[in-house]
Amino acid sequence: MYRCSACGNVGYERVTDRETESHCSLCGTIVSGEEEMTYVPTEEEARKRAGMLAIKAQTEVPRVVMGVGLRRRVLEIVQDLVSMNRGWPVPLEHVLTDCNDAGITRERAIHFLDVLTSEELITYDDETVTVVI
């Protein structure tokens with residue numbers, strides 16, 4: 001049984017030799033030698049452990065996904081404020097206030113503003129923020 005590092009799929013495959021290459025049943029990525037691959041003696045044991053691993057995978061929230069979600073949320077806040085301001089730059093404090101209202105701390109908001117700036121999606125300085133068209 002395995003948990004694919006590429007797509008997160010949890011599954012199992014009958015293997016007679018550990019040297020045989022195994023592939024994810026969902027995306028086809030090679031899963032042989034994966035850290036979360038376990039060899040068990042019976043198919044029933046594989047089903048049982050794969051079920052437990054799937055439940056564990058559902059309760060884990062990957063940190064990368066959370067970061068992407070916050071980045072997207074900060075970008076949406078900036079886009080909405082600039083749109084309401086008819087395309088003109090908005091005060092940085094308004095963006096930070098809206099981020100705070102959305103549960104994003106000032107430090108995290110500034111971090112994601114820096115990330116969005118490096119991706120050339122927005123520009124900002126000490127006073128204003130605008131969307132790059």
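The values are calculated or read from the model by the stated rules, or taken from the named source; none is laboratory data. This one's a predicted model, so the numbers in the text were calculated from it and none came from an experiment. Heads up, the Cβs are rebuilt from the backbone with ideal geometry, glycines too, and the neighbour counts pull from every protein chain shown.
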Residues of the stretch 8-20 satisfying the condition of being surrounded by 13 or more Cβ atoms within 10 Å (Cβ to Cβ) and either more than 16 Å from Glu44 (Cα to Cα) or touching a helix residue (DSSP H, G or I) at 6+ places or on another chain (Cβ under 7 Å) (or both): Gly8, Asn9, Val10, Gly11, Tyr12
The stretch 84-113: number of residues that are under 14 Å from Val132 (Cβ atoms) and part of a helix (DSSP H, G or I): 1
Within the stretch 87-133, tally of residues that are exposed (fewer than 13 other Cβ atoms within 10 Å of the Cβ), under 12 Å from Val74 (Cα atoms) and either of a type in the set (Gly, Ala, Ser) or not assigned by TED's automatic domain parsing to the domain that holds Val74 (or both): 1
Odd one out for Glu35, checked against (1) modelled with pLDDT under 80; (2) part of a helix (DSSP H, G or I); (3) not assigned by TED's automatic domain parsing to the domain that holds Leu113: (2)
